[in-house]
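Below: the structure, in C-alpha cells.
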Amino acid sequence: MLFIEFITSNYFNIMEKLLSREEIIVIEKEAQNPWYRLKNLVIIPEDYKSINSVTPKGLIFINGNNDTGLTHINERHRHSNGNYKLTKGKVTNPSLFDLKSCSLLDYEKIVDEVYLNNEKIVKGLFDEYKGYFGGELYNLILYKDSRIVHTLYPQKKIFNSSKRQLIKYVIGKMNATHNIFDNDAYTVSISYIDCNKIDKYIFKFRLIPKYNLEELWIEILNNKEHHDVALFIYSKDLNVQDGKYPDYLKRIFTSFELGKVEILEKLIEKIERRGLSQFSIIVNELFKLSK
C-alpha cells in the first residue's frame with residue numbers, strides 16, 4: 001500500500017492518510033484520459049485513488065478518504081448529520097457549504113474560479129488558493145505542484161445553523177425500517193455518538209398508520225451510572241396525507257441533517273445535567289406536555 005503518513009505544522013497536528021508522491025504522479029497521468037471530463041459520465045470509484053472527475057481547467061477530484069479528496073470534503077463540509085462532525089476523536093464545527101452548492105458539479109465550478117484568479121501560497125505539502133465564487137470566500141488546497149484537490153471549503157460559517165448547547169456528541173447512524181409484523185409501523189432511528197464513536201443516545205420515531213399515531217422514544221446507552229433504558233417521550237396524531245410515509249420520514253432525516261433539532265439536543269443536555277430522575281419533568285418543560 002502506498003499510503004504515506006505525514007505531520008505538518010501548518011495543517012495537521014495528528015497523523016493523516018494522504019497521497020504519496022508516487023500516487024500523485026500516477027493519478028495525474030490517469031487524469032489525462034478525456035473520459036473524466038464528460039459530465040454525463042457516472043464513475044463508481046474503486047478505492048481512495050480513483051478519479052471522480054476532471055474540471056474544465058484540469059483540476060482533479062479523487063474519491064479520497066476521511067482525510068483527503070471528495071470523501072473528506074463531503075464528510076467534513078457538507079450539510080449531513082448536522083453541523084457538528086467527529087474529527088480525529090474530537091467534536092468540531094467546520095464551515096459548511098450552502099445547501100444549494102454542495103454537489104460535485106458545484107465544487108468543480110468553485111475550484112476552477114478560485115484556481116484561475118488567485119495566486120498560490122505554498123504551505124508544506126500543499127498549494128493553497130483563496131478566492132471568491134458567488135460572493136463567498138473559499139479556500140482551495142491542492143497537493144503541492146499538482147492539480148489534485150486535497151480539500152475545498154468556505155472560509156466563513158455563514159451556512160452553519162445557530163450554535164447549540166450539545167457539544168459532547170455528534171449524530172451517528174440514521175436509518176429507517178418498516179415492520180409489517182409490528183402494526184405495519186415505520187421507525188426512524190437516529191443515534192448520537194461520543195468521541196469514541198460509541199452510541200450514547202438513540203431517538204426513535206415510530207409511525208403507526210393503523211392508529212394514525214406518531215411516537216417518540218429515546219434510548220440511553222452505555223452509561224456508567226445506570227443500565228441501558230428506553231424511555232417514552234410523547235405521542236401525537238400522525239399527519240400524513242395519501243399514505244406518503246416515505247416523504248414524512250425524509251423530513252425527519254432532513255431536520256437532523258440541517259441541525260434543526262435543538263429541542264432534542266436540549267433534552268440530552270438536560271438529562272446529563274439533571275439526571276434521569278428528572279426525566280418526566282424535563283420532558284414536560286421542553287415539550288409543554290400536560291402533567
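The values are calculated or read from the model by the stated rules, or taken from the named source; none is laboratory data. Note that the structure is a prediction, hence the values are computed from the model and not measured. Note that each Cβ is placed from the backbone with ideal geometry, even for glycine, and that neighbours are counted across all protein chains shown.
For every residue, the table says whether it meets (1) at pLDDT 90 or above; (2) assigned to a strand (DSSP E or B); (3) buried (at least 20 other Cβ atoms within 10 Å of the Cβ).
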site: 118; (1), (2), (3): no, no, no
site: 131; (1), (2), (3): yes, yes, no
site: 151; (1), (2), (3): yes, yes, yes
site: 160; (1), (2), (3): no, no, no
site: 195; (1), (2), (3): no, no, no
site: 203; (1), (2), (3): yes, yes, yes
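The requirement of being in the same structural domain as residue 32 (by TED's automatic domain parsing), at pLDDT below 95 and surrounded by fewer than 16 Cβ atoms within 10 Å (Cβ to Cβ) is not satisfied by residue 70.
If the condition is being among the hydrophobic types (A, V, I, L, M, F, W, C), within 12 Å of residue 61 (Cα to Cα) and part of a loop (DSSP other than H, G, I, E, B), then the stretch 16-48 contributes 31, 43. Of all residues in the stretch 50-75, those satisfying the criterion of being assigned to a strand (DSSP E or B) and over 13 Å from residue 24 (Cα atoms) are 52, 53, 54.
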